[in-house]
Amino acid sequence: MVDPTDRLRGLCLGLPEVTERISHGEPSWFVRGTRQFVMLDDHHHGADHLAFWCAAAPGAQQELIAQDAQRFFRPPYVGHRGWVGVRIDGEPDWSEIGEIVHDAYRQVAPKRLTDRLR
């Protein structure tokens, strides 16, 4: 079984011009080194889960939480900006996680880079 953090890292670093660095004590992924789109939540501040926080389209946070509040949540600090928390402990659907990561990337990457995803 692949470590969930390594799997998330692979999804993020597989996108154009993405880099990784520690931000707020956790591995985080940035487009062109400045625009953060995903942050790991490895029991951040004592939370009882392994998850990540990511940028989301307007309304997506509420929709995902309403769909499954056990897997999705409003993260501290960035939840007010529409970011969504996604649990990756247990047995996540990695196909769905990949789509969520791609959607987060599209929220912050310049159009020239998002066009490369098509």
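Some observations on this one:
- Criterion (open to solvent by 30 Å² or more (accessible area, probe 1.4 Å), at pLDDT below 95 and touching a helix residue (DSSP H, G or I) at 6+ places or on another chain (Cβ under 9 Å)) met by exactly one of HIS43, HIS24: HIS24
- Test: residue in region 95-115 that is in a loop (DSSP other than H, G, I, E, B) and farther than 18 Å from GLY33 by Cα: no
- Filter result (closer than 21 Å to THR5 by Cβ, open to solvent by 60 Å² or more (accessible area, probe 1.4 Å) and in contact with a helix residue (DSSP H, G or I) (Cβ under 8 Å, 6 or more places away or on another chain)) within region 72-96: PRO76
- Any pair with Cβ under 6 angstrom, 6 or more apart, that starts in region 1-20 at a residue that is farther than 12 Å from PHE37 by Cα and in contact (Cβ under 8 Å) with a residue 24 or more places away in the chain and ends at one that is assigned to a helix (DSSP H, G or I) and open to solvent by 70 Å² or more (accessible area, probe 1.4 Å): PRO16/ARG116
- Selection status of PHE37, touching a helix residue (DSSP H, G or I) at 6+ places or on another chain (Cβ under 8 Å) and free of Cβ contacts under 8 Å to residues at least 24 places away in the same chain: no
- Residues in region 93-118 that are of a type outside the set (Asp, Glu) and closer than 11 Å to PHE72 by Cβ: ILE100 only.
- Test result for LEU113, open to solvent by 20 Å² or more (accessible area, probe 1.4 Å) and of a type in the set (A, V, I, L, M): no
- Pairs where the first residue, in region 70-96, is farther than 13 Å from PHE52 by Cβ and basic (Lys, Arg) and the second is outside any loop (DSSP other than H, G, I, E, B) and open to solvent by less than 70 Å² (accessible area, probe 1.4 Å), C-beta under 7 Å, 6+ apart: ARG74/GLN61; ARG74/ILE65; ARG74/GLY85
- Taking region 47-69 as the range and being open to solvent by 80 Å² or more (accessible area, probe 1.4 Å) and modelled with pLDDT under 95 as the test, only ASP48 passes.
The values are calculated or read from the model by the stated rules, or taken from the named source; none is laboratory data. The model shown is predicted, which means the values in this text are computed figures rather than measured ones. No Cβ is skipped: glycine too gets one built from the backbone with ideal geometry, and neighbour counts run over all protein chains shown. Each accessible area value is taken on the protein alone, full model and side chains, heavy atoms only, with ligands, DNA and RNA left out. Shrake-Rupley method; radii C 1.70, N 1.55, O 1.52, S 1.80 Å.
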